[in-house]
1. For the stretch 263-280, what are the residues that are of a type outside the set (A, V, I, L, M), out of contact with any Gly (no Cβ under 7 Å at 6 or more places or on another chain) and over 17 Å from Gly580 (Cβ atoms)?
2. Mind listing just one residue for me: the one in the stretch 89-99 that is free of Cβ contacts under 8 Å to residues at least 40 places away in the same chain and within 33 Å of the chain's Cα centre (by Cα) and, of those, least open to solvent (accessible area, probe 1.4 Å)?
3. Exactly one of these conditions fails for Gln276: (1) under 17 Å from Leu218 (Cα atoms); (2) within 18 Å of the chain's Cα centre (by Cα). Give me its number.
4. Filter the stretch 468-502 down to the residues that are on the phi > 0 side of the Ramachandran plot and open to solvent by 30 Å² or more (accessible area, probe 1.4 Å) and list them by number.
5. Being part of a helix (DSSP H, G or I), over 28 Å from Leu532 (Cβ atoms) and not hydrophobic (A, V, I, L, M, F, W, C), is that true of even one residue in the stretch 434-452?
6. Restricting attention to the stretch 591-618, which residues are open to solvent by 20 Å² or more (accessible area, probe 1.4 Å) and either assigned to a helix (DSSP H, G or I) or in contact with a strand residue (DSSP E or B) (Cβ under 8 Å, 6 or more places away or on another chain) (or both)?
7. Which one of these does Asp520 not meet: (1) part of a helix (DSSP H, G or I); (2) under 27 Å from the mean Cα position of the chain (by Cα)?
8. Got a number for residues in the stretch 444-453 being surrounded by 21 or more Cβ atoms within 10 Å (Cβ to Cβ) and not β-branched (Val, Ile, Thr)?
Amino acid sequence: MVKINEVMKYIIKKDIPRKFKNIDYKKALNPEQLKVVTGAEGPSLVLAGAGSGKTRTLIYRVAYLLEKGISPQNILLVTFTNKAAKNMEERIEGLLEAKPKRLWSGTFHHIGNRSLRLFTKDLGYRQNYNILDQEDSVDLLKVCIKNLNIKVHEERFPRPKVLRSIISYSVNSDKTIEETLERQHPYFLRFHDTIQKIKAEYDAKKLSSSNMDYDDLLVKWLWLLKNVERARERFSKQFHYILVDEYQDTNRLQSAIIKELSGLHGNVLAVGDDAQAIYSFRGADVSNILHFPKEYPDAKIFKLESNYRSSPEILDLANDSISYNRNQFEKHLRTVNENGSKPALIEVRDMRAQSNFVAQRILELRDEGVELKDMAVLFRAHYQAAELEMEFTKRGIPFIVRGGIRFFEQAHIKDVLAHAKILTNPFDEISWIRALSIQSGIGTAYAGRVFNEFLSLGDLNKMTGKEFGRFLPERSRKGLKNFKKIMNSIVNEGLEKRPDEVIRRIIDSGYADYVMTHFDNAKDRVDDLHELVNFAHDYKNIKTLLHDITLREPFKGETITGSPSHDEYIVLSTIHQAKGLEWKAVFMVGLCEGQFPHPKAKEDPLQLEEERRLFYVAATRTKSDLFLLHPITRYDYQMGTVISRKSLFLEELSPELYDHWEIEEEYAENCVIDLDRG
């Protein structure tokens, strides 16, 4: 007897009918959710507003399908994170009081890998192919660069980590390398032919070594569905129902995969919110959700507009703001909660006064019974946390930085400050090694030898001679020459008493170029460096600046009064990192022109709309209290002290939607609370 092909066996295998718990859907769901759960046959788009219970709707839809006799193996539930997938699986199991075995659920990459394992021969891979993580991918790119004999050290060529980012964005956004460079890394455009050769070598190496990276799990999956008939037939027959979470965050590859998988049965349930599409920098394409009705002409459109998180006043402000976006589905969030206080607009003198206000108000809210873990400070860019971190440290307010490293602990900040530390303590070996190691041709070993030679001199002014560092090879001597030039210029010009100029000199003497070639998020890091200049401007000397930055205690577990619990801390977060979370009180800082929206967004209407969606996401993170901070002046590393107009997003708001809090000068100076609501 001929053995049944494993693929066909999987298709024809039938589950023994199982009895799941009976659910009272009318009692468990609101009318909007119930319509989706019981009526989302065929292509369906669910526009789920912030806090509207989209996850609840998805898991009840899965339960409903299983109750109607659909086999778990015929349902595909796709999420964006492993955490979200696990959460949904656990909630489905809890709802049904039974585990639906063989349910296909997980991230796009997880499902892609599971699918590809069944068709490796069609892809030219061995079945036991390996998956490269990000570090593995960078290592393989290093091999490719070496094989192609590319002299990356002789020009400002992107380093392997940056190359990996360029190639990955190109793949996920379905753009050429040249298009990617024009959009993301214009300073590398002259290398686009070389980068294309590296990508080709990289792809060939992966195939010959039977390796795939994360992006391949999508690329190869889509190729398989489009080019291998038995694969397309297998999956399109299997998946009677496809449910996709956070559809607004899909890229072009992912939306195309869903289109192919749904070719036979056509039951696609896409759940998302175009008003919360904020990840274009990762390759996400908001047009996937906006054009869903065009892609699926018979699509039903459902709206979840009942918000269970925020007060009416919060939603009124959020709805008013997002209404200025032209490219969107019209919807209007309404709350089931009682009235609360209006959002507060607070205009403060400058960034320091902003940090003072936020810290003081946090302490007051804590005294009023709001726990620290129920408060968050949100900002457009990471550099806006610098003043806040310093102020919280001085006051002993414990905090964590969500999804990242504290501002002053980031590598690029520490690189620059290492130079400053040498000025105050020339015998700091760790700072010497760090500062020297970023120079071309100088690694840790050479840096250590240079430091040991300096010890024999004992004076920064004495390392100007040509004999200093003669043991280094020619390329390394160029790096040492640049280091000496930076340090000598600072010492000779007496800049130690002008901390901002010290930092500016280090940045402008080659470190900004170093950032561009070595970090995949270079633009954000350069913004951080400029903010470091701004931050240092108010200090009288390098020593005092470093004292404030370095003499900091571990934050988590610090006390304000009494003994803290393990989770007593306030969250500092970029808005991107805060999506999907909620707090009782939210502070939005830096709401002034030049900071939010991002200055370059005004050049592109589509980017400006995404910035406005960022504002909307931030506003809808809070349940009751929203504080909007507008610093009237700020120091700019190029222009000096400037008057900062309100953010465009504040200017657009109807004034009756918020209270204007007037802060007395005494409060700004001494942090004594005396607020009047205007």
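The values are calculated or read from the model by the stated rules, or taken from the named source; none is laboratory data. Because the structure is predicted, anything quoted here is derived from the model rather than measured. Glycine also receives a Cβ, built like all others from the backbone with ideal geometry; neighbour counts cover every protein chain displayed. When the accessible area is computed, the model is the full protein with side chains, heavy atoms only, and any ligands, DNA or RNA have been set aside. Shrake-Rupley method; radii C 1.70, N 1.55, O 1.52, S 1.80 Å.
1. Selection gives Gly263, His265, Ser280.
2. Applying the filter and picking the extreme gives Ile92.
3. Just one mismatch for Gln276, condition (1).
4. Residue satisfying the conditions is Gly494 alone.
5. Step one: filter the stretch 434-452 for residues part of a helix (DSSP H, G or I), giving 434-437, 444-452.
With over 28 Å from Leu532 (Cβ atoms) added as a condition, the list becomes 445, 449, 452.
Those still in the list that are not hydrophobic (A, V, I, L, M, F, W, C) too: 449, 452.
Within the stretch 434-452, one or more residues are part of a helix (DSSP H, G or I), over 28 Å from Leu532 (Cβ atoms) and not hydrophobic (A, V, I, L, M, F, W, C).
6. Listed by number, the residues that qualify are Glu593, Gly594, Pro599, Lys600, Lys602, Glu603, Pro605, Leu606, Gln607, Leu608, Glu610.
7. Every condition holds for Asp520 apart from (1).
8. The number of residues fulfilling the criteria is 2.
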